[in-house]
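First up is the structure itself, then whatever we jot down about it.
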Amino acid sequence: MTGRRPLLVAIAAVAAVVLPYVALGGAAYEPTPVRDPCGQRAWEEVDGLEETLEQIALTGFSRAACELGVTREELVLALRSETALDRFAAKHDLEREEVDRAVRDGLTGTIDDAQDAGDLPRLLAPLVRRAVEELPPYLLLEAVQRLGSLIP
(Lines give C-alpha, C1' and ligand atoms only; values in the text may rest on other atoms or scores of the structure.)
Protein backbone atom coordinates (compact mmCIF):
# COMPACT_ATOMS: atom_id res chain seq x y z
CA MET A 1 0.00 0.00 0.00
CA THR A 2 2.87 2.39 0.66
CA GLY A 3 3.92 2.18 -3.00
CA ARG A 4 0.45 3.24 -4.09
CA ARG A 5 0.06 6.08 -1.65
CA PRO A 6 1.99 8.72 -3.74
CA LEU A 7 0.00 7.71 -6.82
CA LEU A 8 -3.32 8.06 -4.98
CA VAL A 9 -2.27 11.45 -3.55
CA ALA A 10 -1.31 12.66 -7.04
CA ILE A 11 -4.64 11.48 -8.50
CA ALA A 12 -6.54 13.20 -5.69
CA ALA A 13 -4.60 16.45 -6.25
CA VAL A 14 -5.34 16.38 -9.97
CA ALA A 15 -9.01 15.66 -9.30
CA ALA A 16 -9.15 18.55 -6.80
CA VAL A 17 -8.03 20.92 -9.56
CA VAL A 18 -9.72 19.46 -12.65
CA LEU A 19 -13.18 18.63 -11.28
CA PRO A 20 -14.04 22.16 -10.04
CA TYR A 21 -12.59 23.61 -13.26
CA VAL A 22 -14.87 21.42 -15.39
CA ALA A 23 -17.86 21.98 -13.06
CA LEU A 24 -17.48 25.75 -13.43
CA GLY A 25 -17.53 25.59 -17.23
CA GLY A 26 -13.83 25.30 -17.90
CA ALA A 27 -14.35 22.59 -20.51
CA ALA A 28 -15.98 25.07 -22.91
CA TYR A 29 -14.20 28.17 -24.14
CA GLU A 30 -15.91 31.09 -25.78
CA PRO A 31 -14.00 34.33 -26.32
CA THR A 32 -15.44 37.48 -24.87
CA PRO A 33 -17.46 39.19 -27.59
CA VAL A 34 -16.02 42.41 -28.99
CA ARG A 35 -17.93 45.48 -27.84
CA ASP A 36 -20.05 47.21 -30.45
CA PRO A 37 -18.17 50.41 -31.40
CA CYS A 38 -21.50 52.15 -32.05
CA GLY A 39 -22.72 51.61 -28.49
CA GLN A 40 -23.23 54.64 -26.28
CA ARG A 41 -20.00 55.68 -24.60
CA ALA A 42 -20.33 58.29 -21.92
CA TRP A 43 -17.23 60.23 -20.89
CA GLU A 44 -15.88 58.45 -17.81
CA GLU A 45 -14.25 60.14 -14.87
CA VAL A 46 -10.48 60.09 -15.36
CA ASP A 47 -7.50 60.73 -13.14
CA GLY A 48 -4.73 62.67 -14.83
CA LEU A 49 -3.63 63.55 -18.31
CA GLU A 50 -2.48 60.07 -19.29
CA GLU A 51 -5.92 58.58 -18.57
CA THR A 52 -7.57 61.51 -20.37
CA LEU A 53 -5.49 60.92 -23.50
CA GLU A 54 -6.16 57.20 -23.30
CA GLN A 55 -9.91 57.78 -23.12
CA ILE A 56 -9.73 60.28 -26.00
CA ALA A 57 -7.96 57.66 -28.11
CA LEU A 58 -10.23 54.74 -27.23
CA THR A 59 -13.47 56.67 -27.58
CA GLY A 60 -12.32 58.46 -30.73
CA PHE A 61 -11.26 55.20 -32.36
CA SER A 62 -14.62 53.67 -31.38
CA ARG A 63 -16.44 56.51 -33.11
CA ALA A 64 -14.29 56.07 -36.21
CA ALA A 65 -14.81 52.30 -36.20
CA CYS A 66 -18.56 52.79 -35.93
CA GLU A 67 -18.56 55.15 -38.90
CA LEU A 68 -16.46 52.69 -40.92
CA GLY A 69 -18.50 49.63 -39.91
CA VAL A 70 -15.61 47.74 -38.27
CA THR A 71 -14.51 46.88 -34.73
CA ARG A 72 -12.37 49.29 -32.76
CA GLU A 73 -9.80 46.56 -32.23
CA GLU A 74 -9.44 45.98 -35.95
CA LEU A 75 -9.03 49.71 -36.59
CA VAL A 76 -6.43 50.12 -33.84
CA LEU A 77 -4.43 47.21 -35.24
CA ALA A 78 -4.55 48.88 -38.66
CA LEU A 79 -3.03 52.04 -37.14
CA ARG A 80 0.27 50.29 -36.40
CA SER A 81 1.75 51.28 -39.77
CA GLU A 82 0.93 52.97 -43.03
CA THR A 83 1.04 49.63 -44.84
CA ALA A 84 -1.36 48.05 -42.35
CA LEU A 85 -3.71 51.00 -42.74
CA ASP A 86 -3.63 50.70 -46.53
CA ARG A 87 -4.36 46.94 -46.29
CA PHE A 88 -7.21 47.65 -43.87
CA ALA A 89 -8.77 50.17 -46.26
CA ALA A 90 -8.47 47.78 -49.21
CA LYS A 91 -9.87 44.84 -47.20
CA HIS A 92 -12.98 46.83 -46.29
CA ASP A 93 -13.35 48.43 -49.74
CA LEU A 94 -12.74 51.90 -48.28
CA GLU A 95 -10.81 54.82 -49.65
CA ARG A 96 -7.79 55.67 -47.53
CA GLU A 97 -9.00 59.28 -47.25
CA GLU A 98 -12.30 58.00 -45.85
CA VAL A 99 -10.46 56.10 -43.10
CA ASP A 100 -8.24 59.11 -42.33
CA ARG A 101 -11.25 61.42 -42.08
CA ALA A 102 -13.18 59.01 -39.83
CA VAL A 103 -10.23 58.73 -37.44
CA ARG A 104 -9.73 62.50 -37.32
CA ASP A 105 -13.45 63.21 -36.85
CA GLY A 106 -13.74 60.61 -34.09
CA LEU A 107 -10.76 61.98 -32.19
CA THR A 108 -11.75 65.61 -32.66
CA GLY A 109 -15.23 64.97 -31.26
CA THR A 110 -13.74 63.21 -28.27
CA ILE A 111 -11.30 66.07 -27.65
CA ASP A 112 -14.36 68.32 -27.41
CA ASP A 113 -15.92 65.91 -24.89
CA ALA A 114 -12.74 65.94 -22.78
CA GLN A 115 -12.67 69.73 -22.79
CA ASP A 116 -16.36 69.95 -21.88
CA ALA A 117 -15.76 67.56 -18.96
CA GLY A 118 -12.83 69.73 -17.80
CA ASP A 119 -10.39 66.82 -18.12
CA LEU A 120 -8.24 68.25 -20.91
CA PRO A 121 -6.51 71.48 -19.89
CA ARG A 122 -7.25 74.43 -22.17
CA LEU A 123 -3.54 74.90 -22.71
CA LEU A 124 -3.09 71.36 -24.07
CA ALA A 125 -6.31 71.03 -26.06
CA PRO A 126 -5.01 73.00 -29.07
CA LEU A 127 -1.82 70.89 -29.13
CA VAL A 128 -3.75 67.62 -29.08
CA ARG A 129 -6.17 68.93 -31.72
CA ARG A 130 -3.27 70.06 -33.90
CA ALA A 131 -1.63 66.64 -33.63
CA VAL A 132 -4.90 65.02 -34.76
CA GLU A 133 -5.20 67.41 -37.70
CA GLU A 134 -1.56 67.26 -38.84
CA LEU A 135 -0.25 63.75 -38.14
CA PRO A 136 -1.07 60.79 -40.37
CA PRO A 137 -3.56 58.50 -38.59
CA TYR A 138 -1.07 55.65 -38.32
CA LEU A 139 1.13 57.90 -36.14
CA LEU A 140 -1.65 59.21 -33.89
CA LEU A 141 -1.75 56.28 -31.51
CA GLU A 142 1.99 56.51 -30.88
CA ALA A 143 1.80 60.30 -30.52
CA VAL A 144 -0.98 60.07 -27.93
CA GLN A 145 0.98 57.46 -25.97
CA ARG A 146 4.17 59.55 -26.01
CA LEU A 147 2.39 62.77 -25.09
CA GLY A 148 0.81 61.07 -22.09
CA SER A 149 4.16 59.81 -20.84
CA LEU A 150 5.96 63.14 -21.32
CA ILE A 151 3.64 65.28 -19.25
CA PRO A 152 3.31 64.49 -15.52
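To keep it simple, each residue is scored yes or no on (1) aromatic (Phe, Trp, Tyr); (2) more than 29 Å from ALA143 (Cβ to Cβ); (3) crowded, with 17+ Cβ neighbours inside 10 Å.
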residue: VAL9; (1), (2), (3): no, yes, no
residue: PRO20; (1), (2), (3): no, yes, no
residue: GLY25; (1), (2), (3): no, yes, no
residue: CYS38; (1), (2), (3): no, no, no
residue: TRP43; (1), (2), (3): yes, no, no
residue: LEU49; (1), (2), (3): no, no, yes
residue: THR52; (1), (2), (3): no, no, yes
residue: CYS66; (1), (2), (3): no, no, yes
residue: GLU73; (1), (2), (3): no, no, no
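Those residues that are part of a helix (DSSP H, G or I), acidic (Asp, Glu) and within 20 Å of the chain's Cα centre (by Cα), I need them from segment 109-130; list them, please. Spell out the reasoning first.
Just the residues of segment 109-130 that are part of a helix (DSSP H, G or I), to begin with: 109-116, 125-130.
Within this subset, residues satisfying the condition of being acidic (Asp, Glu) are 112-113, 116.
Passing the criteria: ASP112, ASP113.
With the condition being of a type in the set (A, V, I, L, M, F, W, C) and closer than 17 Å to VAL132 by Cα, I'd like the helices (runs of 4 or more DSSP H) fully within segment 32-107 carrying at least 3 qualifying residues.
It comes to 49-68, 72-78.
Answer yes if at least one residue in segment 97-109 is surrounded by fewer than 18 Cβ atoms within 10 Å (Cβ to Cβ), at pLDDT 90 or above and closer than 21 Å to GLU50 by Cβ, and no otherwise.
There is at least one residue in segment 97-109 that is surrounded by fewer than 18 Cβ atoms within 10 Å (Cβ to Cβ), at pLDDT 90 or above and closer than 21 Å to GLU50 by Cβ.
Give me the pairs: first residue in segment 73-89 and of a type outside the set (D, E, K, R) and at pLDDT 90 or above, second residue exposed (fewer than 14 other Cβ atoms within 10 Å of the Cβ) and not in a helix (DSSP H, G or I), beta-carbon distance under 7 Å, and six or more apart or on different chains, which are they?
Taking only residues 6 or more apart or on different chains, the pairs are ALA89/GLU95.
Suppose we filter LEU127, LEU135, LEU120 for residues that are aliphatic (A, V, I, L, M), over 26 Å from ASP86 (Cα atoms) and surrounded by 14 or more Cβ atoms within 10 Å (Cβ to Cβ); which single one remains?
Only one candidate qualifies: LEU120.
The values are calculated or read from the model by the stated rules, or taken from the named source; none is laboratory data. Not measured: the values here are computed from a predicted model. Positions of Cβ are backbone-derived with ideal geometry, glycine not excepted, and every protein chain shown enters the neighbour counts.
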